[in-house]
Amino acid sequence: MLFAGQLVLRLVLPIWGLFAGFAFGAGLVAGFADERFLGTVLGWVLGVVFALIFAVLAYLFYAVAVVLAMAAFGFAIGAGFVVAIGIDWNWVAILVGVAVGAAFGLASVFANMPMIVLVLFSSVAGAVGVVGGLMLLVGSLNSSDFTQSAFAEAVEDGWGWYLTLVVLAVLGIVAQARQAAVMRQSVREVWYAESR
């Protein structure tokens, strides 16, 4: 993930698309039918249909996968916000989730974010994985309390861990940005050679 995450995520994103599509299809039925999530056969069927559609699109077009991932983030944020403020109407949470998800998806398209998102997310995730593994090895973190808050507290308590995390993330971003530039250059060379 740290140094080749953009390639790894191209394999992982179709799986993520599968789950996001399933949640979208099932949530859509739950919201409009005012039923509980996966409470009807139609919810399951529509969930499976959207899961397959999203997974195929994510596999064929990784940029679509990034847009779908951003839309899924937006959906989770919008729906989660509605639930967090105490509104218990499913249809409101679904509508707000869809609206925020659409906004996130459109923003990622217009900002041309697919490669940037892959590089940034995978570099940071790789750095967190490496630092977390090192902290487990040296005993700074126990596997029994390996939660996001415990990890964040342990990193904040030791400036060395924080520095290691930042340095690894930056190294990962630089390495993956160079890989992306080489891939773009080699694609251009192939196109130029084929056009001659």
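Some points to look at:
- Any hit, segment 2-20, residues being over 30 Å from residue 132 (Cα atoms) and either buried (at least 20 other Cβ atoms within 10 Å of the Cβ) or among the aromatic types (Phe, Trp, Tyr) (or both): no
- Filter result (at pLDDT 80 or above and either crowded, with 19+ Cβ neighbours inside 10 Å or among the polar types (S, T, N, Q) (or both)) within segment 103-118: 104, 105
- Number of positions in segment 29-56 that are open to solvent by 40 Å² or more (accessible area, probe 1.4 Å) and part of a helix (DSSP H, G or I): 13
- Selection count where residues are crowded, with 20+ Cβ neighbours inside 10 Å, of a type outside the set (Val, Ile, Thr) and under 12 Å from residue 30 (Cβ atoms), scope segment 76-100: 4
- So residue 69, is it of a type in the set (A, V, I, L, M) and either crowded, with 21+ Cβ neighbours inside 10 Å or part of a loop (DSSP other than H, G, I, E, B) (or both): yes
- Residues satisfying the stated conditions in segment 51-86, i.e. of a type in the set (Val, Ile, Thr) and either modelled with pLDDT under 80 or under 14 Å from residue 101 (Cα atoms) (or both): 64, 66, 67, 77, 82, 83, 85
The values are calculated or read from the model by the stated rules, or taken from the named source; none is laboratory data. For clarity, every value in this text was computed on a predicted model and none was experimentally measured. In this analysis, Cβ positions are derived from the backbone assuming ideal geometry, glycine residues included, and neighbour counts consider all displayed protein chains. Side chains included, ligands, DNA and RNA excluded: accessible areas come from the protein's heavy atoms. Shrake-Rupley method; radii C 1.70, N 1.55, O 1.52, S 1.80 Å.
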